[in-house]
Amino acid sequence: MKPSSAGSRKKGKTNKNTLKMIKNFTKAVTLVIGMIGFSLTSNAQITGASADAAANATIIAPILIGKNADMNFGSIVATATAGTVVLDAAGARTASGAQISTSQGAGTAADFTVSGEANYNFTVTLPGTVTLTNTTGVGAETMTVDTFTDNGVTQLNESGTANLKVGATLNVAASQVAGSYNTGATPFTVTVAY
């Protein structure tokens with residue numbers, strides 16, 4: 001027996017409604033899954049990890065340097081030959097070409113006290129060249145001092161002090177004019193730093 005056309009129409013309408021319901025259900029499920037995913041993503045962004053760190057600083061005593069004694073090359077005999085007098089950091093003199101007087105005016109190295117934070121290391125910066133000018137007689141004559149050296153002290157002791165001694169080389173011209181030579185208003189500078 002042939003189904004009636006009214007029954008076919010009813011069955012077709014039911015199938016359409018079922019398909020429509022399935023589509024709507026699928027959309028709803030997709031929407032819910034999307035919202036859950038967004039919620040999880042949002043929670044993942046909000047939830048994080050943190051750590052604390054302390055900030056620290058140490059203030060130390062400033063480094064200082066004070067002069068105890070000036071450099072003195074002592075007495076040197078003028079000769080017809082140019083030469084040098086090397087004054088080491090211990091105060092010992094060695095002449096080359098020039099002649100030193102051993103009975104008059106011994107040499108002394110420049111002497112400094114460095115002070116600051118106990119047991120800290122420091123660096124020493126010595127000058128390059130300085131000029132000594134004759135302060136007696138005509139006064140126009142000069143000699144240069146260069147090749148500065150020190151006693152190699154680079155650490156403050158447990159009391160926060162160190163004794164720094166500095167020597168150099170004096171360049172003496174042939175027949176250097178007799179007189180008292182010094183740096184005058186432009187002394188040499190020794191710099192220390194941590």
Mind counting the residues in the stretch 99-115 that are more than 39 Å from the chain's Cα centre (by Cα) and modelled with pLDDT of 90 or more?
2
Do we find that A118 is farther than 30 Å from N134 by Cα and at pLDDT 95 or above in this structure?
yes
Within the stretch 118-171, tally of residues that are assigned to a loop (DSSP other than H, G, I, E, B), without any contact (Cβ under 8 Å) to a residue 40 or more places away in the chain and among the hydroxyl-bearing types (S, T, Y):
2
Within the stretch 117-132, work out how many residues are farther than 18 Å from M71 by Cβ and exposed (fewer than 13 other Cβ atoms within 10 Å of the Cβ).
3
Could you check, for the stretch 171-183, whether at least one of its residues is modelled with pLDDT of 95 or more, crowded, with 19+ Cβ neighbours inside 10 Å and under 30 Å from I60 (Cα atoms)?
no
V192 farther than 13 Å from I63 by Cα, open to solvent by less than 50 Å² (accessible area, probe 1.4 Å) and in contact with a strand residue (DSSP E or B) (Cβ under 6 Å, 6 or more places away or on another chain)
no
In the stretch 116-148, how many residues are within 20 Å of the chain's Cα centre (by Cα) and of a type outside the set (G, A, S)?
10
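The values are calculated or read from the model by the stated rules, or taken from the named source; none is laboratory data. All values derive from a computational prediction rather than experimental measurement. Please note: Cβ atoms are built from the backbone with ideal geometry, for glycine as well, and neighbour counts cover all protein chains shown. Heavy atoms of the whole protein, side chains included, go into the accessibility calculation; ligands, DNA and RNA do not. Shrake-Rupley method; radii C 1.70, N 1.55, O 1.52, S 1.80 Å.
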